[in-house]
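The values are calculated or read from the model by the stated rules, or taken from the named source; none is laboratory data. Nothing here was measured: the structure is a model prediction, and the numbers come from that model. As a convention, Cβ positions derive from the backbone with ideal geometry for all residues, glycine included, and neighbour counts pool all protein chains shown.
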Amino acid sequence: MTRLLVGAYGPDMDGTAPGIATAASHPGGAVALTGEGPAVASPSWLAVRGERMVAALEGEGALAWFVREAGGWRADGVTRLEGRWPCHAAFLDDDTVAVACYGDGAVVVARAGDPRPVQRLDGSGSGPLPAQEGPHAHHVHVMPDGRVLTLDLGADRLHVHSRTPDGRLERTGSLALPAGTGPRDLHALPTGELALLGEWSCELLVLDPAGRELEVVQILALPGATPGEDQAAALGVSEDGCFLYAGVRGADRIAVIALEDDGARAVGWVASGGRWPRHLLVDGELLHVANQLSDELATFRIGADGTPVLLGVAATPSPTCVVRSEPEPLLS
């Protein structure tokens, strides 16, 4: 059994969730909502490391901290981020988190116990599309070598950072991506490469992170997605490392891509099991999809050919992310 946490939108972000929901996934494929976790406003992204959890409170511009207890999670303070619409966070160490703020493009570093951020890196730039009128930070990814990558969906940029001795971030470089990409999500691949998802271009970009500079080595159109009509969101990789999955909002599909020795190859798509697949999680042989606008968590079994087969749906209000309650300690 896998214990899951479901982040969601509440009334301040036009959703209906009262806070974080809890769920359990069983090997047979059934997913059951087991109750309500902490009641917080619009915890749109959750991150867990060891005995700590953080929730990005998107509407409030804050980061809520929690500590694991036998009966669940105990509130452990709030950091006011001084950034608008925080939408993604990743632990830099056991007590420090970097947060991407979509509203103003800021990347904010917060530390447990501090009511104010310890650092703010302002965003800048824009892109050619109406939704790229300014910077929109959207993702934080911690590399095994210690580099911290952030994406700016509005400026079509990937920023590279190192950590200073006092734990802050120092921006050491940036990679310009094709105009209109709208870089939204990153995911490590078994080869050591990185998968980058273009929300607006509806493309998968494969990056080689070796050396000082990152390099785009492949660009692949997502099967089942139409640029200009759809918005891509979220990436997941099968447990055997042979397939990659991406949500396609609008068409409400899950794109299926094979990861082969000579690169990524489009396979096809399946319906997402609901409306607006905002996030997904590979859970062994299962794939969970948070369908935000239909208030459903859909669960699929991943077949031997990599194709997800719908097993069922569980009702949960306005889900925006689904994560393991007890992930690997260094997973970001």
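In table form, for the structure just shown:
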| read-out | value |
| --- | --- |
| Residue count, region 208-223 (criterion: exposed (fewer than 15 other Cβ atoms within 10 Å of the Cβ) and either aromatic (Phe, Trp, Tyr) or at pLDDT 95 or above (or both)) | 1 |
| Only one of Arg84, Arg120, Arg68, Arg74 that is part of a loop (DSSP other than H, G, I, E, B) and not small (Gly, Ala, Ser) | Arg84 |
| Qualifying residue in region 157-166 (condition: within 20 Å of Phe91 (Cα to Cα) and among the aliphatic types (A, V, I, L, M)) | yes |
| Answer residue from region 115-141, given it is more than 19 Å from Asp156 (Cα to Cα) and out of contact with any Asp or Glu (no Cβ under 8 Å at 6 or more places or on another chain) and is surrounded by the most Cβ atoms within 10 Å (Cβ to Cβ) among those | Gln119 |
| So Pro190, is it surrounded by 15 or more Cβ atoms within 10 Å (Cβ to Cβ), out of contact with any Ser or Thr (no Cβ under 9 Å at 6 or more places or on another chain) and not in a strand (DSSP E or B) | no |
| Which listed residue is crowded, with 22+ Cβ neighbours inside 10 Å and either free of Cβ contacts under 8 Å to residues at least 40 places away in the same chain or in a strand (DSSP E or B) (or both), from Leu293, Leu311, Leu205 | Leu205 |
| Meets criteria (farther than 28 Å from Val322 by Cβ and in contact (Cβ under 8 Å) with a residue 12 or more places away in the chain) for Gly123 | no |
| Subset of region 169-184 (residues that are part of a strand (DSSP E or B) and either touching an Asp or Glu at 6+ places or on another chain (Cβ under 8 Å) or of a type in the set (Ser, Thr, Tyr) (or both)) | Thr172, Gly173, Ser174, Leu175, Ala176, Pro183, Arg184 |
| Selection from region 101-114 of residues that are under 14 Å from Leu57 (Cβ atoms) and either assigned to a strand (DSSP E or B) or at pLDDT below 95 (or both) | Cys101, Val108, Ala110 |
| Search result, residues across region 263-286 that are out of contact with any Ser or Thr (no Cβ under 7 Å at 6 or more places or on another chain) and closer than 18 Å to Leu4 by Cβ | Ser272, Gly273, Pro277, Leu280, Leu281, Gly284, Glu285 |
| Residues of region 23-60 classified as polar (S, T, N, Q), more than 15 Å from the chain's Cα centre (by Cα) and either at pLDDT 95 or above or surrounded by 23 or more Cβ atoms within 10 Å (Cβ to Cβ) (or both), total | 2 |
| Matching entry among Ala98, Ala75 (being over 30 Å from Phe300 (Cα atoms), hydrophobic (A, V, I, L, M, F, W, C), surrounded by fewer than 21 Cβ atoms within 10 Å (Cβ to Cβ) and in contact (Cβ under 8 Å) with a residue 24 or more places away in the chain) | Ala75 |
